[in-house]
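Structure record follows, encoded as structure tokens.
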Amino acid sequence: MNSPAPEDTVHPIPPRTLTVTYTGGEERRGPITMGQANMIRCILRDDPTHINIHDVWPVPGGVTVEAVTDALRALAVRHEGLRTTFPHPPGAAPVDQVVAAEGTFTVTVLDHAELPDDPAGYAESVARAARAGRFALEREFPMRITLLTVAGQPAYVALAFSHAVADGSAMAILREEFTELLAGKELPDLASLPPVDLAAVEASPAGLRKSEVSLRYWERIIRTGPQEMFAEPRGRRPGTDEEARQLTLRSHRGGRALAGAARRTGHPEATVLMAAWCALVAHRAGQDSCVTAVPSANRFHPRVARSVTTTSQDALLHLDVRVETFDALVARTWGAVLNAYRHSQFDSVRLWEMIGRVTAERGSHFGRDVVFNDVSALPAPLLGTEAEGQDGAEHELTWGPPQALPTRLLAFTYRTAPQLHISLWAAPSLFTPEEAEGFLSGLVLLLETAAAGDVPMGTLTEVTGVRPAERGPDWLRLDGCWVSPDAVRETLGRAVGGLPVHVAEEPGPYGMADGTYGTEATADTDGADGGATADTDGADGTADGPYGTDEGAPGAEPHLTAYIARGETPLTAEEAHRALTALIPAAGSGVLAPRRYVLVTDPPADPDRSDAWRRLKTIDEGTGRGRQV
């Protein structure tokens with residue numbers, strides 16, 4: 001479907017539709033690639049305006065409508081990805097891709113007597129509007145094309161793409177080739193693999209080994225890292241979407257500071273910016289580490305570099321920020337980012353199966369809480385009007401429109417020079433407008449201070465003005481996560497149908513009282529002040545697991561035990577755990593399943609005292625997990 005221009009922007013001459021026929025390709029069929037599978041999962045689940053992508057291609061003066069359609073036809077024949085559909089039965093995700101040898105696509109022509117005062121911005125709005133509506137993967141041409149003309153003369157091509165066939169890099173390649181075709185240039189032979197051949201490489205023994213290694217890397221983080229970056233009283237669960245307004249920073253101060261900090265530390269600007277981002281996120285969240293998704297183009301090899309397909313998948317960065325100075329964090333970030341990118345190619349179906357299994361065992365919910373997408377290396381025209389103009393801003397923050405936010409904190413870095421240009425979407429349950437502005441301004445202040453000299457990590461509040469999350473003394477640091485025992489008790493009580501529940505912090509083994517599943521404890525901390533316990537993240541951000549992994553034996557840190565007075569109800573520890581984990585994705589912040597469940601008949605006379613529950617006769621107890629953890 002092609003979408004017309006927004007009615008309140010301009011009133012063009014009634015549109016007409018051109019049908020363009022292409023032929024000369026090769027018909028093929030094969031499995032989908034890992035990148036396609038990853039994006040198709042999102043396409044079938046997410047709001048189309050979030051997952052579809054768009055671009056605007058300026059048309060040079062003197063080019064005819066026929067020349068534009070000829071160039072588009074040539075691109076369709078040249079790139080198999082543009083002739084690809086994904087057949088699948090209703091209710092099932094595609095597993096194969098089909099490349100057509102011939103076919104048709106449409107171009108909607110919007111002719112105007114004249115374009116608005118901001119023609120590029122208008123073209124951008126037309127392209128963005130075309131993102132509405134889910135692509136029919138099994139039959140629809142994967143580009144929605146609108147040609148904007150003035151008195152019949154082409155001015156812009158506004159496009160929306162299915163993310164199943166293209167990503168930002170692919171759009172940049174298509175834009176470049178479109179421009180060369182209009183200039184009458186001959187395109188070189190294709191040097192990178194089409195999607196069907198790329199899928200075959202991924203299914204080779206070497207490709208499967210790479211995927212397995214990536215899955216193990218992700219599993220270590222999901223088993224041991226914070227389950228919520230922003231676990232705090234005012235937080236909401238990762239599965240609960242909010243609307244957030246776009247906040248855009250344009251700062252020459254930030255650009256100069258980033259360049260200065262990179263020169264002084266001897267590290268690339270991208271590494272310094274990532275270190276500053278992670279330092280400030282972890283500081284604001286009150287965490288010892290920062291877990292952030294970093295979308296990766298995965299185009300490191302020549303066979304993929306210029307493929308017109310979607311290769312992007314998340315790299316998952318887990319950066320331990322427990323260092324003395326910012327320079328030490330920058331040095332650590334370099335290796336951690338490389339490690340994350342190295343493990344960003346995987347079978348996404350198996351990834352989510354693993355996430356489901358691991359979070360059920362851990363009793364947590366993995367959320368894509370923080371996303372940092374640095375697209376500053378892409379060609380400037382591809383970034384659209386959002387990234388253009390206003391170069392004179394010394395330091396400016398502007399608010400834009402709201403959009404549904406499927407995460408807690410999302411940032412796009414469009415440019416780093418000559419100005420730092422970042423757009424931020426921050427969940428309003430966590431950041432007031434003033435706090436969101438303070439966060440971006442604090443990032444610039446951190447870079448300015450780092451450009452002048454090393455920064456002690458203990459001074460981030462003073463340097464940036466950003467304050468850590470506030471938690472009461474009842475919040476505990478357990479299993480690498482901030483946990484609210486009160487929230488756990490309330491959620492577990494709902495899960496077991498209102499039965500009396502008591503949740504206590506206890507030392508010692510994870511699991512049965514005889515220590516079958518854990519090690520000896522060294523101290524009783526029931527009723528302690530809720531101070532944080534040390535976790536075991538390695539310097540590369542891939543923490544050794546306190547349980548359930550091959551990375552190390554469990555430690556003696558405290559854990560939660562849930563006491564449930566089941567009465568005559570035939571409740572088991574397994575049933576209690578299963579019911580609780582079903583509620584966690586939509587529960588309040590700070591809910592992590594207890595490591596142990598103890599079932600008794602009736603509650604004690606003083607149900608608020610842990611020692612009173614411990615003295616009761618135990619009917620049943622266990623971890624509640626299908627696997628010993």
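The values are calculated or read from the model by the stated rules, or taken from the named source; none is laboratory data. The structure displayed is predicted, hence computed values, not measured ones. So basically every Cβ, Gly included, is an ideal-geometry build from the backbone, and we count neighbours across all protein chains shown.
Can you find even one residue in region 301-308 that is surrounded by 20 or more Cβ atoms within 10 Å (Cβ to Cβ), of a type in the set (Val, Ile, Thr) and touching a strand residue (DSSP E or B) at 6+ places or on another chain (Cβ under 8 Å)?
No, there is no match, as no residue in region 301-308 is surrounded by 20 or more Cβ atoms within 10 Å (Cβ to Cβ), of a type in the set (Val, Ile, Thr) and touching a strand residue (DSSP E or B) at 6+ places or on another chain (Cβ under 8 Å).
Read through the list (1) part of a helix (DSSP H, G or I); (2) crowded, with 16+ Cβ neighbours inside 10 Å; (3) in contact with a helix residue (DSSP H, G or I) (Cβ under 9 Å, 6 or more places away or on another chain), then give the number of the only condition that MET229 fails.
(1)
Quick check on my filter: what residues within region 397-440 are hydrophobic (A, V, I, L, M, F, W, C) and surrounded by fewer than 16 Cβ atoms within 10 Å (Cβ to Cβ)?
Passing the criteria: TRP399, ALA404, ALA417.
Restricting attention to region 192-202, does a residue exist that is touching a Pro at 6+ places or on another chain (Cβ under 7 Å), crowded, with 21+ Cβ neighbours inside 10 Å and more than 19 Å from THR108 (Cα to Cα)?
Within region 192-202, one or more residues are touching a Pro at 6+ places or on another chain (Cβ under 7 Å), crowded, with 21+ Cβ neighbours inside 10 Å and more than 19 Å from THR108 (Cα to Cα).
Given the criteria crowded, with 21+ Cβ neighbours inside 10 Å, in contact with a helix residue (DSSP H, G or I) (Cβ under 9 Å, 6 or more places away or on another chain) and farther than 30 Å from ALA200 by Cα, does VAL109 qualify?
So VAL109 fits the description; yes.
So which residues in region 277-296 are assigned to a strand (DSSP E or B) and either of a type in the set (Gly, Ala, Ser) or modelled with pLDDT under 95 (or both), if there are any at all?
Passing the criteria: SER289, ALA293, VAL294, PRO295, SER296.
To keep it simple, each residue is scored yes or no on (1) assigned by TED's automatic domain parsing to the domain that holds ARG45; (2) in contact with a helix residue (DSSP H, G or I) (Cβ under 7 Å, 6 or more places away or on another chain); (3) closer than 30 Å to PRO302 by Cβ; (4) surrounded by fewer than 24 Cβ atoms within 10 Å (Cβ to Cβ).
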site: GLU124; (1), (2), (3), (4): yes, yes, no, yes
site: ALA136; (1), (2), (3), (4): yes, no, no, yes
site: ARG139; (1), (2), (3), (4): yes, no, no, yes
site: THR146; (1), (2), (3), (4): yes, yes, no, no
site: ALA151; (1), (2), (3), (4): yes, no, no, yes
site: VAL157; (1), (2), (3), (4): yes, yes, yes, no
site: HIS163; (1), (2), (3), (4): yes, yes, yes, no
site: SER169; (1), (2), (3), (4): yes, no, yes, no
site: ILE173; (1), (2), (3), (4): yes, no, yes, yes
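Conditions tested, residue by residue: (1) surrounded by fewer than 16 Cβ atoms within 10 Å (Cβ to Cβ); (2) in contact with a Leu (Cβ under 9 Å, 6 or more places away or on another chain).
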site: GLU574; (1), (2): yes, no
site: LEU580; (1), (2): no, yes
site: GLY588; (1), (2): no, no
site: ASP602; (1), (2): yes, yes
site: TRP613; (1), (2): no, no
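Go through (1) part of a loop (DSSP other than H, G, I, E, B); (2) modelled with pLDDT under 90; (3) among the β-branched types (Val, Ile, Thr) for VAL63 and report which single condition fails.
(2) is the only condition that VAL63 fails.
If I filter region 329-362 down to residues being assigned to a helix (DSSP H, G or I) and of a type in the set (Gly, Ala, Ser), which single residue comes out as surrounded by the most Cβ atoms within 10 Å (Cβ to Cβ)?
So the residue we want is ALA340.
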